[in-house]
Each structure stands twice: as structure tokens, then as C-alpha cells.
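The values are calculated or read from the model by the stated rules, or taken from the named source; none is laboratory data. Everything numeric in this text was worked out from a predicted model, so none of it was measured. Every residue, glycine among them, receives a Cβ derived from its backbone with ideal geometry; neighbour counts consider all protein chains shown. The area values use the complete protein model at the heavy-atom level, side chains included, leaving out ligands, DNA and RNA. Shrake-Rupley method; radii C 1.70, N 1.55, O 1.52, S 1.80 Å.
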Amino acid sequence: MSDNTITFTIDGKEVQGVPGQKIMEAADAAGVYIPRLCHHKDLPPRGHCRLCVVKVDGRPKSSCTIPIEDGMQVENDTEELNEHRRMVLEMMFVEGNHFCPSCESSGNCELQAEGYRLGMITPTLPYIESHREMDATHPDIFVNRDLCILCGRCVRASAIQDGKTVFAFEGRGIHKVITVNAEHGLGETLMDVADAAASVCPTGCLHTKRLGYTIPVGQRKYDHRPIGSDIEQAAH
Ligand code: SF4
Ligand code: SF4
Ligand code: FES
């Protein structure tokens, strides 16, 4: 490492990084996984989901947005933080309409995978039983808003990578939903199935049509290895 090396700790383990790196980036490089949902490696971080909150010198901070500093002490894998993360996940589950056994994304879904990793068995909060409008107007992609966790990945990917600004948020609080920049739905936008925005959704909300069950249940991304294991194993 150069003279610019920044040294800090995560759960007592010494980690090194470079100036400007976010805590999550430096942790990834060191093989330490911090749970996440709105973060995507090809998109700028926005700190929407709060799943990646760690404690920095005793204070809660989003690890995807906070740069590393020399000597900082980061707590990540603690019972207190994991309990907070389970609660964040529970809220996402009860605010939507998630029934994993019948969902085509089961096994490939990051929300479900984080739930398994963090030991969230079933929500303890009451279900809101949302019924948000489905958008199936596009020939190749549907938007099942009941599975949306408002992570904003599609908004960022469409604007930054595709240069189209197809997606945006509408409404506030419990009425906030993902929307598109056309009156009659996604089919009326410039969205193409090859767009980056079509492949960044961490849940089954944005889904390609006619691709149902091409990978059998049991052979999907998280069926055998927990989310984050690629990061943890890459460093060994
Ligand atoms: S989107 Fe994910 S969490 Fe929601 S029902 Fe489908 S598999 Fe389950
Ligand atoms: S549609 Fe998917 S990518 Fe877009 S905000 Fe909802 S969950 Fe995130
Ligand atoms: S991953 Fe950091 S706030 Fe969502």
C-alpha cells in the first residue's frame, strides 16, 4: 500500500484502504461482508435502505456512503446491529406483498437472501397488505410494485447508465411507489430489456417476461451459498 494507506478496524480486525473509499468498499476488499440492498457495485451509493448501517466510533452510519478515516473503529457483525437489520427487513416484507414460495425470484432474490443470512424467520410486525398497481404494459418487462423495496437502483441505473430516466419515485411515506415517466406505463417509455435498469432490481419487482423458471429451484444463486459469501471467500 502507498503512503496514503488508511488503517482502521472492523469488529477489531485491522483493515486498510485508500482515501475516498467508502467503508463498505474497503470492507469488501478485506473480505468482510456488510449486509446491503440499495447498494450496487456499478452505481453511486445513495443510502436508501439502511441495511448497511454500522457503528463508527459508537455512532450509527451508512457504510455504503461514509468514507473511511484513519483510526476509525467500525462495528459490523454485532447482535445489536443485526437486530436492527432484521427489523429493517421485516418492514420491507410487511410493507410489500412477499410470498416467497410462489415467487419466480425465489433463490435469486437479495431481499430473501439477506433475510436468510440475518436469521429473519417471519415478520413479527403486522402486514400492511399493500395492493400497488402492477405494470405489464411493456412487451418484455413487468413491474410488480408489491415486491418493490424502494431501493432506487433502477432509478440510478436508468438515469446514469442508460441515460433515459425511465424510473422515479412518486408519493411519500407509505404511499411512496416506483413510477415511470409515461402516462400509460412502462410500455410507453424508451425502456429496453437490454438496459442496465432491467437487471439491477434486488427483488422480483422488475422482471423479464417469458423467463419464468429457466433456472430450476435448487440451482439458483443463493440456494447453496449465502449472500455475501463471494466477498468473504474472495479474500481467502
Ligand atoms: S421478491 Fe424476494 S422476498 Fe419478495 S416474494 Fe419474491 S423471493 Fe420473496
Ligand atoms: S423496482 Fe426494484 S430496483 Fe427499482 S426501486 Fe423497486 S426494488 Fe429497487
Ligand atoms: S446499502 Fe447502504 S443504505 Fe442501502
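Just a few scattered comments:
- Between the C-alpha center of the range 194-233 and that of the range 1-66 there is a gap of 24 Å.
- Contact order normalised by residue count of the chain, Cα under 8 Å, 6+ apart, percent: 21
- Surface/4 estimate of mean projected area, convex hull on alpha-carbon atoms of the chain, nm²: 13.9
- Helix-only mean residue ellipticity at 222 nm for the chain, each DSSP H run of n ≥ 4 adding -39500 (n - 2.57), per residue, nearest 500: -5000 deg cm²/dmol
- Under the Karplus curve 6.51 cos²θ - 1.76 cosθ + 1.60, θ = phi - 60°, whole-Hz ³J(HN,Hα) for the range 205-216, x wherever Gly or Pro sits: 5, 9, 9, 7, 6, 6, 10, x, 6, 5, 9, x
- Taking every Cα-Cα distance in the range 152-236 and sorting them into 5 Å bins starting at zero, the pair-distance distribution P(r) comes out as 3, 12, 17, 20, 15, 14, 12, 5, 2, 0, 0 percent.
- For q = 0.12 Å⁻¹, Debye-computed log10 I/I(0) when each Cα of the range 59-179 counts as one equal scatterer: -0.58
- All Cα pairs of the range 6-77, percent lying beyond 18 Å: 26
- Low-density loop positions, GluC sites (Glu not before Pro), the range 97-149 - DSSP coil, at most 12 other Cβ in 10 Å: 129, 133
- Per atom type, the range 84-208 shows carbon and sulfur on 55% of its accessible surface, probed at 1.4 Å.
- Calculated SAXS-style log₁₀ I(q)/I(0) at q = 0.19 Å⁻¹ - the range 1-138, Debye, Cα scatterers: -1.11
- Per DSSP, loop chymotrypsin sites (Phe, Trp or Tyr not before Pro) in the range 141-215 with at most 16 further Cβ within 10 Å: 213
- Here's the list of lysines a cross-link from residue 55 could span, going by alpha-carbon distance under 21 Å and ignoring same-chain residues fewer than 8 apart: 13, 22.
- The aspartates and glutamates whose alpha-carbon is closer than 18 Å to the alpha-carbon of residue 176, local same-chain residues fewer than 8 away aside, are 90, 95, 129, 133, 135, 146.
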